[in-house]
Every structure is written in C-alpha cells, then in structure tokens.
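Engineer: Before I ask anything, here is the structure I am working with.
The values are calculated or read from the model by the stated rules, or taken from the named source; none is laboratory data. Remember, predicted model here, so these are calculated numbers, not experimental data. As a convention, Cβ positions derive from the backbone with ideal geometry for all residues, glycine included, and neighbour counts pool all protein chains shown. The protein model used for the area step is the full one, side chains on, heavy atoms only, and it has no ligands, DNA or RNA in it. Shrake-Rupley method; radii C 1.70, N 1.55, O 1.52, S 1.80 Å.
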Amino acid sequence: QVQLVESGGGLVQPGGSLRLSCVASTRVFGIIPMDWHRQAPGKQRELVARIRAGGSTIYADSVKGRFTVSRDDAKNTMFLQMNSLKPEDTAVYYCGSADLGSWGQGTQVTVSS
C-alpha cells in the first residue's frame, strides 16, 4: 500500500506564500508523474499541477505564474510553492498519482485576511 503524506498547509493572508510537501512511500516515485489536486467547498476536485519524470510540468490556468511544482526524487518528495495566494485558492490540497492509484489525505490551505 502506497502512502502519501502532505504537509505545509495553513492560514495565510492574500498575497502570501505557502510551500506544500508530499512524501511518497514507493520505489517508483522517480519514474512516474505526480500531481497536486485541490478541492474547494462545493466544487469538484481539480488538477493544480503535474510534474512528470524528468521534470516537465503543467499547470492549471488559474495558478500559472504563481505556483511552482518541483520534485526531489532522492527523497521521494514533491513540492508545491504557492505565491501571491488569493482567497479563491482556499481548498484542501492533495498529492497523488494516477499511475499509483493513490492519494494523500490532503492538507488545508486557507487564504483569508
């Protein structure tokens, strides 16, 4: 059973920054794409960012230029640097991979003054 554990969420003011981390317990971490998704209250879960093996990335239009996804394959860890946060970024953020068929429990991000 693959385990993914997110951390780094919290309460931040608009315009602020947070850095999320995701640690995965799998030997194949370095060869699979990894995703960050989020789900806001009353809304469907959406893809925020994806990082493929090798480092190529894709982002949701709503976060382009503000969020950066990265990975440290030696530590089985993925990151999401979130800058210029907006109230509409408030959501539970999940890491996972369709290849693994596994997702973490999520970490709450709240952007509010």
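Engineer: Which condition breaks for Phe67 when tested against (1) modelled with pLDDT of 95 or more; (2) surrounded by fewer than 16 Cβ atoms within 10 Å (Cβ to Cβ)?
Structural biologist: Just one mismatch for Phe67, condition (2).
Engineer: What number of residues in the range 40-98 are acidic (Asp, Glu) and either part of a helix (DSSP H, G or I) or in contact (Cβ under 8 Å) with a residue 24 or more places away in the chain (or both)? Lay out the reasoning, then the answer.
Structural biologist: Here is the first cut: in the range 40-98, the ones acidic (Asp, Glu) are 46, 61, 72-73, 88-89.
Cutting the leftovers down to either part of a helix (DSSP H, G or I) or in contact (Cβ under 8 Å) with a residue 24 or more places away in the chain (or both) gives us 73, 88-89.
Residues in the range 40-98 being acidic (Asp, Glu) and either part of a helix (DSSP H, G or I) or in contact (Cβ under 8 Å) with a residue 24 or more places away in the chain (or both): 3 in total.
Engineer: If a residue has to be in a loop (DSSP other than H, G, I, E, B), touching a residue at least 40 places away in the same chain (Cβ under 8 Å) and either hydrophobic (A, V, I, L, M, F, W, C) or open to solvent by 30 Å² or more (accessible area, probe 1.4 Å) (or both) to count, how many in the range 2-27 make the cut? Show your work before the answer.
Structural biologist: The first filter runs over the range 2-27 and keeps only residues in a loop (DSSP other than H, G, I, E, B), leaving 2-3, 8-9, 13-17, 25-27.
When the remaining residues are screened for being touching a residue at least 40 places away in the same chain (Cβ under 8 Å), the result is 2-3, 8-9, 13-17, 25-26.
Retained after the next criterion (residues that are either hydrophobic (A, V, I, L, M, F, W, C) or open to solvent by 30 Å² or more (accessible area, probe 1.4 Å) (or both)): 2-3, 8-9, 13-15, 17, 25.
Qualifying residue count for the region: 9.
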